[in-house]
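The values are calculated or read from the model by the stated rules, or taken from the named source; none is laboratory data. Predicted model only: the values in this text are computed from it and were never measured. Neighbour counts run over all protein chains shown; Cβ positions are idealised from the backbone, glycine included.
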């Protein structure tokens, strides 16, 4: 018997192509946990809670949304988690610049799988469209490594999102060398990522720690198009004894 944990991470670009293609792709991948970013709450002009709507459309009953960026007068966008497992309490960890909280943050929550607490983190850091945002990105990625180290090291941890930083940047090199996590694409590269995005130029990541190994990795632009970002999909295989496993497939 093989024990699997299926994780999907996706920047859905505020549902710019509608939520139906987003929901369809999620259903096709059948994840246990979804890490979303650029999610709107009360998206103008429809007043929708996109996290709730995707929960309904995908059949993933548990969800949490964390506001990160105010967008005009009618709503907010942020990060979210969808899950087949009941979520523990959620907390937002803002990127801090000096004494000021910036408009970017990481949502931290947890799930219990086979009696073991798994820490779940969903994030989006600042883009590089201004000098201030570039500085906030560096701060956010460095602070994320510190955040990952604050959790009980005996707990498995899943950390995913839009880092808005490529692998060759100083902050990502520092993050990967100090966070204590494994980047899924490096462990098990997607054998056929397609032409939409160079995997070596990626800014969206899933990282993990715990008694798992990467069994499958996909870095794809779904059709029909659901976002201007590729989705990141990882299947983690437990290295624990089958009697301790959380999900079994024959």
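Can you tell me which residue within the range 82-102, out of those that are free of Cβ contacts under 8 Å to residues at least 40 places away in the same chain and within 14 Å of residue 141 (Cα to Cα), is nearest to the chain's Cα centre (by Cα)? Walk me through how you get there before you give the answer.
First, pick out the residues of the range 82-102 that are free of Cβ contacts under 8 Å to residues at least 40 places away in the same chain: 86-92, 94, 98-102.
Narrowing further to those that are within 14 Å of residue 141 (Cα to Cα): 94, 102.
Numbers: 94: 16, 102: 19 Å.
Across the range 82-102, the extreme among qualifying residues is 94.
Can you confirm whether the range 190-209 contains a residue that is over 25 Å from residue 140 (Cα atoms) and touching a residue at least 40 places away in the same chain (Cβ under 8 Å)? Scanning the range 190-209 turns up no residue that is over 25 Å from residue 140 (Cα atoms) and touching a residue at least 40 places away in the same chain (Cβ under 8 Å). Quick check on the range 83-111: of everything there that is loosely packed, with under 14 Cβ neighbours inside 10 Å and not in a strand (DSSP E or B), which residue is modelled with the lowest pLDDT? Per the stated criteria, the residue is 99. If you filter the range 118-139 down to residues that are in contact with a helix residue (DSSP H, G or I) (Cβ under 8 Å, 6 or more places away or on another chain) and under 23 Å from residue 33 (Cβ atoms), you find that the one that is surrounded by the fewest Cβ atoms within 10 Å (Cβ to Cβ) is 121. Listed conditions (1) at pLDDT 85 or above; (2) closer than 19 Å to residue 32 by Cα; (3) surrounded by fewer than 17 Cβ atoms within 10 Å (Cβ to Cβ) are all met by residue 228, apart from (2). The residue pairs whose first member lies in the range 15-26 and is at positive phi and surrounded by 20 or more Cβ atoms within 10 Å (Cβ to Cβ), whose second member is at pLDDT 90 or above and part of a helix (DSSP H, G or I), and whose beta carbons are closer than 9 Å, counting only pairs six or more residues apart or on different chains, are 15/22; 15/50; 15/53; 15/54.
Go through the range 173-222 and give me each residue that's in a helix (DSSP H, G or I) and surrounded by 19 or more Cβ atoms within 10 Å (Cβ to Cβ). Those that are in a helix (DSSP H, G or I) and surrounded by 19 or more Cβ atoms within 10 Å (Cβ to Cβ): 175, 184, 185. Scanning the range 152-186 for residues that are closer than 18 Å to residue 5 by Cβ, under 17 Å from the mean Cα position of the chain (by Cα) and modelled with pLDDT of 95 or more returns 156, 157, 158, 159, 160, 161, 181, 182, 183, 184. Within the range 156-172, if we keep just the residues that are assigned to a loop (DSSP other than H, G, I, E, B) and touching a strand residue (DSSP E or B) at 6+ places or on another chain (Cβ under 8 Å), the residue that is nearest to residue 80 (Cα to Cα) turns out to be 163.
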